[in-house]
Structure formats: structure tokens, C-alpha cells
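Below is one structure. I have some questions about it.
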Amino acid sequence: MAHEFRSYTPDQVFLFPPSPQDWLPKDHLAYQVLDIVSELDMGPFKASYSADGRGAPAYSPVMMVTLLLYGWCRHVYSSRKVAALCVDDLGARVIAAGNEPDYRSINLFRLRHGAALSALFKASVQLCQRAGMVSLVHVAIDGSKVEANASKRKAMSYGRMVQEESRLQTEIDEFFRRAQEEDAAEDALYGSDESGPKVPDELCRRKSRLAKIREAKAALEAEAKAAVEAKQKERADKEANSDKPLPGAKPDLDPTPKPTAQRSFTDPDSRIMKGADGAFLQAYNGQAAVDEDHQVIVGCVLTQDSNDKRQFVPLVEQTIACTGAKPNVAMGDPGFFSAENVTETEALGITVLIPPDKQRHGTPDNPPPVLSAEELFALPVIERMRYAISTREGRDAYRHRKSIVEPVFGQAKGSAGNPGFIGFLRRGLTKCTEEWHWLCTRHNLMKYIRYRIAQQAPPKPPRTTKTTSRRPGCASLTIPMAI
């Protein structure tokens, strides 16, 4: 007797209208995102549409926001790939409710509502805060280099720009000289009323490249001049507030860019930065402030500066703005240390832990002698931080910094076998900042969804223990056993 199989007729049409609610399990990501969007304020998205009803009907902003959030939670950021989800992915089809917006509509929606989509980051922080996932006992701050949508081979140094500008100008002058000679010869041969030869393609290409080089060169010179003016203003302010001459040599006030200063022709806002593995990247510096309890990102900044020092205070202030409360302790690695960062953060009533020196593994705990509040206050800022880190309480608190903030960047970027956000898809600081906010929003929403699912799950069965002895005469060893 032949084995029986279940009926399989892929060409069979539905006899009754199907219900989308029957297609997915109740805890599917699509339903979780739909529930989250129902709690968000869609007013900023709807406000930009005409109130008089003119124009063709637009896709619902609720659907578009839900679709984008669902794509981000699936590590899908490209407008074309999000559009493909509406056809290939069952969860996206449930969210779109039969609509199939093309990639142009999705991209135009992102461009039109870039600021409102970035503001979803603050909403995600407050969502996690209301769920009890944010305590602000310890907030760790760190940065990671994120590759720009540009090749570092398409960047040029200021020194080479000067050389190339001179070389291209010489070649263009030579082309014009030859063209004039040929025009004069053809005028004598054919007459001045006949049309002359066309401009060579080589001349057009050299002209456009020369224009790009001059534009990048002018931008580098403007940046160098602005940096000099900032140094002059900073020094003048310090001299005005000091009765004594400032120590140390005067800063270099030459407005000419350094020969090694580089600028990309593809994404001029990006910079050459050194990555964690020592390789140089054309990148931006993504910064995040992370709460200890559930690794919720409570502040995020994207900067062109490869140095982290200037981002510490803005991240602390953004944390306060997003959560409406001050963290008890703000921590950063030695790259964030400066006297200004410590004093400005302490002025907000927040304890700071930023070691001035690199912390070496295996350093023995040698608690320093106890100092009174007066003695501690009399120390310079750098010595006060060294003392705070050397105490047992400071060491124990700072020890957890890596486990708080560094896994967040690993989860965002993924790994070789499970790639996440491998680099920006857009160009320019403004658009990449929006993209960085989307990435941080995605991280918080996935934390919130997993936390909510865990809260709704039934309690796990109790664990039993089995007691054995390692060998005669030794203390017993307790081994946890799963049922």
C-alpha cells in the first residue's frame, strides 16, 4: 500500500477571503512593530501633508513608518530592499495590508520625513524607560568608526591637490594653445566663415576634474582658516580670564592646510579615520551613551571628528533630554578624558569616571589612602580622576564599562556570519546622522520587543542540583542540572 501524503495543490485559489491574522504567529515581529507604532505620535508625519485634500492620495504615514521600522528590525535599510519585502516577506505584506509601495515612494518618504524619523530615537528611549528598562545608575559612553559610502582611494591630500591643480592647468593651457594654432591654420585654409573643430573630450574631462580639485582645495582651506580662528578665540578668552601669561608655546596659527589633510570627492563630509583593527577607513565616528540595565541607547551622536573628547558632554546632555533625568555615573574610556569634560559633567550633578591613562589588564588592586572631601577637591582634575579610578568602588564600577557599551556596537554591526549595519548607504553628514539615529532606534526597539516577550512568557521550571564529590577529602561540588 502506497504511503499517504497530505494534500498539496499550490494552484488552488482560496475559496474564502484569507485573514492576514492567520498567516503569522501572534508574537511575530510584524505584530510587535504594529503595536509599537500604535503608541507613537504620528502628528509630525501627517503635518507636512496638505490640509485641503489636493493632490493624489498618499500612502498612509502609519503604514510607511511601520514598514520602515520593520525593515530596520530585520537589518534592511535600502529602499529597494524594503520595497521587495512587501512582495517577498509575509510580515511586511501584513503590515502593508496589500499595498506595494515602490522604492521611489519609500525613498521620498524618508527624505521628506528625515527629521521626524530621527526623532523616533527619543521615542524609543522613552518607550524603554516606561517599561522599566532604563535605570540611569551607570551610563557608559563610547564611539565606533562606521564606514561611509565612499572609498578612501577617492580622497586626495592637500599637497597632492596643489600639484594636480598646477599640472591640470598646464595641460589645459596647452590644449588652448594648440586649439588656437589649429584654428588659425584652418581659418587660413578654409576661411573664417567655416565651423572650426570641436573641443577635445580630454579638455572637458580635465576641466571638470580641475573644478572638483579646486572645490575640495577651497573647502580644506576654509576648514583650516576656521580652525585657526577658533584657536585664536579660545586663547583670547583664556587670556582675558587669566591674570598671568598662558604657559606653553603659542598654537600654530598658519591658515594653510597641512599637506597631509585629505578630502573625499565622493562624500566630502566623511573623513579618513583609524578603525579598531588599526586599518584606515573613509568613515564617520558614531557615538552612543548606553544604560547599564538592558543596554538601551539613551544618547547618540554622529561626528566627523575621529577624536572622542568633544562628544562626551553633548551625549550626557542628550541623555538628560531624552530621559528627563540625570544619570548617577557617566563613564568613558581614556579617549574621552579632558579636564573640561570632567568639570562640565560634574557641574550637572553627575559623577564622572574617565581614566586619564590606559587601564592595563591584571593591574593589582591597591586601594589608595582615604582622602577627605577637602583634600580631594584640592587635587587637579587629572589626579582626582586617577584617585577615583584607583579606589575599590571606582574600579568595580569602571570594570563594567566594556560589558555595557561595547556589545551594543557589536550587535549593531553584526559579525562576518551575521552582518548587520555594515556601513552607511547615504552620503553627507546630515543624511548619515539620520541613518545613525535609525540604527540606534532599531537597537532600542529590538531590546524592547525581546523584553516584552520575556515578560509575557510563562515562568521557567525550577532547576534541581546534584551534589557530588570531586575526590575523597575534598569539599563537595554543586553542579546545576536542567530538567
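The values are calculated or read from the model by the stated rules, or taken from the named source; none is laboratory data. Computed from a predicted model, the values in this text were never measured in an experiment. Cβ sites come from the backbone with ideal geometry, for glycine too, and all protein chains shown count toward neighbours.
Can you tell me which condition T464 does not meet? The list is (1) outside the structural domain of C300 (by TED's automatic domain parsing); (2) farther than 30 Å from K26 by Cβ; (3) within 43 Å of the chain's Cα centre (by Cα); (4) modelled with pLDDT of 50 or more, and all the others hold.
(3)
Count, please, the residues in region 149-158 that happen to be at pLDDT 70 or above and either surrounded by 21 or more Cβ atoms within 10 Å (Cβ to Cβ) or in contact with a Ser or Thr (Cβ under 7 Å, 6 or more places away or on another chain) (or both).
Residues meeting the conditions: 2.
Take region 97-118 and flag every residue that is closer than 19 Å to R442 by Cβ and touching a helix residue (DSSP H, G or I) at 6+ places or on another chain (Cβ under 7 Å).
Residues satisfying the conditions are I106, N107, F109, R110, H113, G114, A116, L117, S118.
Under the condition of being touching a helix residue (DSSP H, G or I) at 6+ places or on another chain (Cβ under 7 Å) and surrounded by fewer than 23 Cβ atoms within 10 Å (Cβ to Cβ), which residue from region 129-148 is nearest to D305 (Cα to Cα)?
Per the stated criteria, the residue is S144.
For region 6-24, state whether one or more residues are surrounded by 15 or more Cβ atoms within 10 Å (Cβ to Cβ), out of contact with any Phe, Trp or Tyr (no Cβ under 8 Å at 6 or more places or on another chain) and either at pLDDT 90 or above or part of a loop (DSSP other than H, G, I, E, B) (or both).
No.
Could you please find all residues in region 101-151 being assigned to a helix (DSSP H, G or I) and of a type in the set (D, E, K, R)? So that I can check it myself, show each step before the final result.
Pass one, region 101-151, residues assigned to a helix (DSSP H, G or I): 103-112, 114-118, 120-130.
Across region 101-151, the qualifying residues are R104, R110, R112, K122, R130.
Collect the residues in region 275-318 that are closer than 20 Å to E346 by Cβ and either of a type in the set (A, V, I, L, M) or assigned to a helix (DSSP H, G or I) (or both), keeping them in residue-number order.
A289, V298, K309, R310, Q311, F312, V313, P314, L315, V316, E317, Q318
Results for (1) at pLDDT 75 or above; (2) touching a Phe, Trp or Tyr at 6+ places or on another chain (Cβ under 8 Å); (3) closer than 23 Å to K122 by Cβ; (4) not in a helix (DSSP H, G or I), shown as yes or no for each residue.
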position	(1), (2), (3), (4)
E4	yes, no, no, yes
Y31	yes, no, no, no
D35	yes, no, yes, no
G55	no, no, no, yes
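May I pose another question? Restricting to region 278-303, and then to whatever is among the polar types (S, T, N, Q) and over 11 Å from the mean Cα position of the chain (by Cα), can you tell me which residue is farthest from V329 (Cα to Cα)? Please lay out each step first, then the result.
Applying the first criterion (among the polar types (S, T, N, Q)) to region 278-303 yields 282, 285, 287, 295, 303.
Next, from what is left, pick out any that are over 11 Å from the mean Cα position of the chain (by Cα): 282, 295.
Details: Q282: 33, Q295: 15 Å.
My answer is Q282.
Taking the conditions exactly as written (out of contact with any Leu (no Cβ under 6 Å at 6 or more places or on another chain), loosely packed, with under 10 Cβ neighbours inside 10 Å and without any contact (Cβ under 8 Å) to a residue 40 or more places away in the chain), does A2 satisfy them or not?
So A2 passes the test.
Moving to a separate point now. Of the residues A92, A96, only one is touching a Cys at 6+ places or on another chain (Cβ under 6 Å), surrounded by 16 or more Cβ atoms within 10 Å (Cβ to Cβ), free of Cβ contacts under 8 Å to residues at least 60 places away in the same chain and not basic (K, R); which? Let's see the steps before the verdict.
Values: A92 fails: free of Cβ contacts under 8 Å to residues at least 60 places away in the same chain.
Exactly one residue qualifies, and that residue is A96.
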